[in-house]
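A short write-up of the structure that comes next.
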Amino acid sequence: MRFPTLSRVLLAILSVTVAWSAETPPYVDLSQETERQVIVSQGTDKVYQGHPTTLLLPDGKTMFCVWTHGHGGGCGPMKRSDDGGKTWSEELPVPENWSTTRNCPALYRLTDPQGKTRLFVYAGQGPGGTRQPDNGTMQRSFSMDDGKTWSPMQSLNLECVMPFCTIMPVEGGKKLIGLSNIRRPGETKDKKSNVVTQSESTDGGMTWSPWRVLVDLGDLKPCEPEVVRSPNGKQLLCLIRENIRSEPAHFITSDDEGKTWSEVKALPQGLHGDRHKAVYTKDGRLVICFRDMGKNSPTRTHFVAWVGRYEDIISGKDAEYKVKLLHSHKGSDCGYPGVELLPDGTVVATTYIKYRPGPELNSVVSTRFTLAETDKAEKQAGKPVAQKVAGIVLDDSDAKYSGAWKVGEKLPALVGSSYRHDDRAKKSAASAVFTPAIPETGKYEVRLLYNHASNRASNATIIIRGADGEKKVTQNQREACLEEGIPRSLGVFAFAKGKKGTIEINNEGANGYVVVDGLQLLSEGEATGERNTRSSSGFPMKTSASAAPAVPVKIPPPMLLKSAAKAESVDGKSYDLVVIGGTPGGITCAVRAAREGLSVLLVNHTQHLGGFSTSGAGGWEAPYDGLRSPLYGEILKGAADYYSKTYGEGSPQHVVSMPSKTSRAHIDRPKIEPRIAELLFNEMVEKEKTLTVLLGHIITKAKREGSLIQSVTLKPMHGEKAVTVSGKIFADGMYEGDLMAAADLKTQIGREARSQYGEKHAGVIYTQERHKEPGQRGFPKAADEGTLNIRYNSHATADIVEGPQSGEADGSVMAYNYRLILTRDPANRITVQKPANYDPAIAKAAGGGGFVPNLPNQKVAWNGGRLIGPQNEYPGADWPKREEISKRYLEGMLMRLWWVQNDPEAPEKDRKQFANYGLAADEFPDNQHAPYEIYVREARRLVGRYVFKEQDNVVAPGISRTPIHVDSIAITDWPVDSVACLPRKAPGGSTDGILFLGEETRPAQVPYRSLLAKEVDNLLVPVALSASHIGWGAIRLEPVWMQAGESAGFAAALAIRGKTTPAALDPDALVRKLAASHVMVSFFNDLDVTSDDPRVAAAQYFGTKGFFASYDAKLDAPLSASVEAVWQRGLDELKNGKLDPIKLANAVLAAEVATSPETKQTKGGALVAMWKSLKAQ
């Protein structure tokens, strides 16, 4: 794996010409919190304490620390802690020859194949060894009694620079592999060469095989490896320090227990540094401590921790954040850490460092912290990485001038500190001539550098004299010199090595000032590479001397649920209701049940509640502005109150958090920032004393006995320790429907055929866009005209185009994407850098969708990046596969964003739309500002006691509203729609799957039966409820799910009180409860369900029985005799259990148009009277 010197030169050239702009990860600064620091061994003005390692014993309390006296000096100072590193003993007695063994002692606890465990100290130089030429043999000492006594140091006969930097058991513990670095065998020229090597032990660390070279990078100096095993145990990752500071740190991987290793790759920028030591925390994240040596890192030379995941490193993704643990007051003289994780989650990171000013030399110091603390802490934004300028760059002072010129400093210069302009007051000829030294014969792009202004010449003359003769061009210096970060080109010209070539700038005929700031010549290939990829040229993006300095970006702590339970506290317990899924629908189900007196457990697979609402939705996709259910209303009112109190009544933030009063377009619905949505959901949950929340867990098993689910088994999202909980009632509140799957219920993934339910738009489908009538603003037309009280959408589909497999069933679901929160606010913007695995083909494919505009605080929610196809693997996959698919979508979106902002192939319209947008720094701060969850538009759906279909969403024959369901528990108001499902088209049609029935769809009733499975009686499914693919298009919105979830919570409470199951619950009793509790079960244009007017509750209830044929309640209108007669007949049938609601609604419509005298009652009064008679019954 050794690279020849020539390869290193080529790599160095590429690193100059392809230098991507980047930012270091955000970081938390704990270095000034001295209460976290424990001094293991204090340095003095004469004693230098250096290079420690630590070892925590299995009891979780006993810890050893060993270090050196002097830099790379004698091994032997050792201390013991019995309280997890809070206090330390005096120095322990050790064998005499330890002090003559030098260089970075390393502590390990190793077990041989026979099960015998020893403690080891390995050191890098034998007795009498010195650090020059530091190529002695490795030594080892061991203890058989947990560190009470130690053997003398003894040679392992392995030449080394360092002892084993890392030791990893492999093949189930049959052997150990130890990695370190040595001088290159046989090297005679480079006395400081470094290669990474591996040795093996089959006797638990007592003896070791000869070295095997793993990594040899020629002139580079890889060293100090650290091996980490992947969370699934199948891969080894080796992090490698690079001692040539101009190069990044490296990594390699092994998929065969260290027998073979991959090619070398660069570590993410945040891990560039020395002597990495890693530990997994309980939530599966990695904490990697090291000396930070990253270029431009704000924590460079200090002792830091990198916090992220294993898979991030493999994919090139950087840290969630870093932690500055200790500040070095002696440059980079720190690191070589010990890192331990205590049972309570405390990380103890130990290093040698000059931790305070003064005469003392380095000390051995620990810092103690938990991720729970650093997750919540405010983060400071990372620094931009220095950018390189390619090619030949000359400053204005390198030119030869004739005529009158002035030095200018009023505006910022691109090169150097000043520039020159001709003295127009003298009205004389002026010229400047550059004579660059051409390194190789070839073609070069020529770029004259200047700073633009309105008084500049639009016709500055430039004469280029090269190998092909002379050419004259002009330059408009009123235009910005940098076009998307790259200087404007004067053209490509041939120049010969060793022959004189010149570039002359003069003011002949100039109509303004001619400016010379500098000159750049770039080989044609380099220039093409810059322009094709829109990579940064490295020049500063300044526009004027008065331009404001960069605004520091502050990153707040994430919105974490403080009351979340630990897994062990719920293990073995029983609850009235167990809700799997912390989506808004799952939350409202749990909260309503808790408010009704039930003991409830709410389980979520991530560490953040709220599903899509807290992962980028940006608003409430509800054409109906009213508050359809109490908890939905609490969240909407809570958002408006938050913005009013925080920013002021009538502030822009407050205004956009409420429905627009001046527009009826759906896009002007209420908006909310995801972080504030999470804040409100957390507050709602934390108020309920009988509600327990378990985060970061997934369901793996459901135990059934007959028609009842008895218990569920849960395990950490990134871990293995399972817990079991039982319940009287269960609810599946997940988008993915995993509880249904675990209980082995009948579900549907994909599209039904047209023939299955008689749905016109079912199955594979290709559509055309519907055209608006003159003056029409949107669909449905009734909403645009104001006769239907919902907001209109701007588009709709119309005719079906027949194409391949039209109308056939398949396993496809709607395409997914993330909804990224973007902003142009410099104080809150994280610029998206070119992804490490950038692929323009993926970037181009990740299209579709636009912005949800006008979120509070200058944000938008980008609804694009829809890769079509990969989503179809997601619904039935396990969580590792789902995370892999989600990552693919996120990377695709980031590629797309970089592409539209940087690549000249991107359409100009898109380039303008996305210009200057970056990720919002205050959103998802613990997930690199990307949403916690992908937008799962559709996954598996229940096939329950009623399947909600296309027919339920269109006006029923004979009446003026959608079909009536006597067991309605919620309403829909979104049009039936679907985004693309497969990447194919029919001639004249859209991509397969796209439909938006904006004209045909009307508000519909959702029957309780759609929440009930056929196979079990004690399960409620308010989210992935029973609907066809087409019917699902109107269900799949958070406002609908929140209402259905709350209704499910009411149902659970009624069932518990009645000592029955949700399936056996009287649906009429549930509907009456919902109507009385301000839950909208029947949509009306003219009713507000938040009202305490008894007529509203009565109308809601009777709207589910067929007493209304349209969406107009007209409670104050007189009741006609004909309608009174029909209503009385309907009431009698209802009481006798013979009611046919559709038949009744048809009769009502006929009675309303019939000529009939008015009675003395109003409609509302009659409804209340009937409501009371039912209550009395």
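The values are calculated or read from the model by the stated rules, or taken from the named source; none is laboratory data. What you are looking at is a predicted structure, and each value in this text was computed from that prediction instead of being measured. All Cβ positions, glycine included, derive from the backbone under ideal geometry; neighbour counts span all protein chains shown.
In the condition set (1) within 36 Å of the chain's Cα centre (by Cα); (2) over 27 Å from residue 799 (Cα atoms); (3) of a type in the set (Asp, Glu), residue 1015 is compliant with all but (1). For the range 560-592, the set of residues classified as out of contact with any Phe, Trp or Tyr (no Cβ under 8 Å at 6 or more places or on another chain), within 13 Å of residue 1052 (Cβ to Cβ) and among the aliphatic types (A, V, I, L, M) consists of 590, 591, listed by residue number.
To keep it simple, each residue is scored yes or no on (1) assigned by TED's automatic domain parsing to the domain that holds residue 636; (2) hydroxyl-bearing (Ser, Thr, Tyr); (3) under 28 Å from residue 975 (Cα atoms).
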{"position": "1041", "(1), (2), (3)": "yes, no, yes"}
{"position": "1048", "(1), (2), (3)": "yes, no, yes"}
{"position": "1056", "(1), (2), (3)": "yes, no, no"}
{"position": "1061", "(1), (2), (3)": "yes, yes, no"}
{"position": "1066", "(1), (2), (3)": "yes, no, no"}
{"position": "1078", "(1), (2), (3)": "yes, no, yes"}
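Among the listed residues 698, 709, identify the single one that is closer than 25 Å to residue 937 by Cβ, touching a strand residue (DSSP E or B) at 6+ places or on another chain (Cβ under 7 Å) and among the β-branched types (Val, Ile, Thr). Within the list 698, 709, the selection yields 698.
Looking at the range 665-707, which of its residues are farther than 23 Å from residue 588 by Cα and either touching a helix residue (DSSP H, G or I) at 6+ places or on another chain (Cβ under 8 Å) or of a type outside the set (S, T, N, Q) (or both)? Selection gives 665, 666, 667, 668, 700, 701, 703, 704, 705, 706. Applying the criterion of being β-branched (Val, Ile, Thr) and within 36 Å of the chain's Cα centre (by Cα) to the residues of the range 942-973, the residue that is surrounded by the fewest Cβ atoms within 10 Å (Cβ to Cβ) is 943. When the residues of the range 412-429 are filtered to those that are in contact with an Asp or Glu (Cβ under 9 Å, 6 or more places away or on another chain) and hydrophobic (A, V, I, L, M, F, W, C), the one that is farthest from residue 456 (Cα to Cα) is 415.
The set of residues from the range 414-437 being assigned to a loop (DSSP other than H, G, I, E, B) and either buried (at least 20 other Cβ atoms within 10 Å of the Cβ) or at positive phi (or both) comprises 414, 415, 416, 427, 430, 436. From the list 850, 876, the one residue that fits, being surrounded by fewer than 18 Cβ atoms within 10 Å (Cβ to Cβ), over 30 Å from residue 553 (Cβ atoms) and of a type outside the set (Ser, Thr, Tyr), is 876. Among the residues here, residue 888 does not qualify as out of contact with any strand residue (DSSP E or B) (no Cβ under 8 Å at 6 or more places or on another chain) and under 30 Å from residue 856 (Cβ atoms). Only residues that are aliphatic (A, V, I, L, M), assigned to a loop (DSSP other than H, G, I, E, B), touching a strand residue (DSSP E or B) at 6+ places or on another chain (Cβ under 7 Å) and at pLDDT 95 or above were counted in the range 715-762, giving 5. The combined condition, being under 42 Å from the mean Cα position of the chain (by Cα), more than 17 Å from residue 1162 (Cα to Cα) and either outside the structural domain of residue 612 (by TED's automatic domain parsing) or among the basic types (Lys, Arg) (or both), is not fulfilled by residue 1092.
From the list 445, 470, exactly one residue is assigned to a strand (DSSP E or B) and crowded, with 17+ Cβ neighbours inside 10 Å. Which is it? Answer to the selection: 445. Taking the range 767-783 as the range and being under 14 Å from residue 623 (Cβ atoms), in contact with a Leu (Cβ under 7 Å, 6 or more places away or on another chain) and not small (Gly, Ala, Ser) as the test, only 780 passes.
The set of residues in the range 867-920 that are in contact (Cβ under 8 Å) with a residue 12 or more places away in the chain and small (Gly, Ala, Ser) comprises 869, 876, 886, 892, 915, 918, 920. In the set 628, 592, only one residue is under 24 Å from residue 1083 (Cα atoms), crowded, with 24+ Cβ neighbours inside 10 Å and in contact with a strand residue (DSSP E or B) (Cβ under 7 Å, 6 or more places away or on another chain); that residue is 628. Checked against (1) surrounded by fewer than 17 Cβ atoms within 10 Å (Cβ to Cβ); (2) at positive phi, residue 485 meets all criteria but (1). Of everything listed in (1) touching a residue at least 40 places away in the same chain (Cβ under 8 Å); (2) β-branched (Val, Ile, Thr); (3) touching a Ser or Thr at 6+ places or on another chain (Cβ under 7 Å), the single unmet condition for residue 313 is (3). Note on the range 984-1017: residues that are more than 20 Å from residue 941 (Cβ to Cβ), touching a Leu at 6+ places or on another chain (Cβ under 9 Å) and part of a loop (DSSP other than H, G, I, E, B) total 2. Can we say residue 625 is in a helix (DSSP H, G or I) and either of a type in the set (Asp, Glu) or in the same structural domain as residue 856 (by TED's automatic domain parsing) (or both)? Judged against the criteria, residue 625 is not a match. Evaluating residue 399 against the criteria (1) of a type outside the set (Phe, Trp, Tyr); (2) in contact (Cβ under 8 Å) with a residue 60 or more places away in the chain; (3) within 13 Å of residue 507 (Cβ to Cβ) leaves one unmet condition, (3). Screening 667, 698 for residues that are farther than 26 Å from residue 1021 by Cβ, crowded, with 17+ Cβ neighbours inside 10 Å and not small (Gly, Ala, Ser) leaves exactly one candidate, 667.
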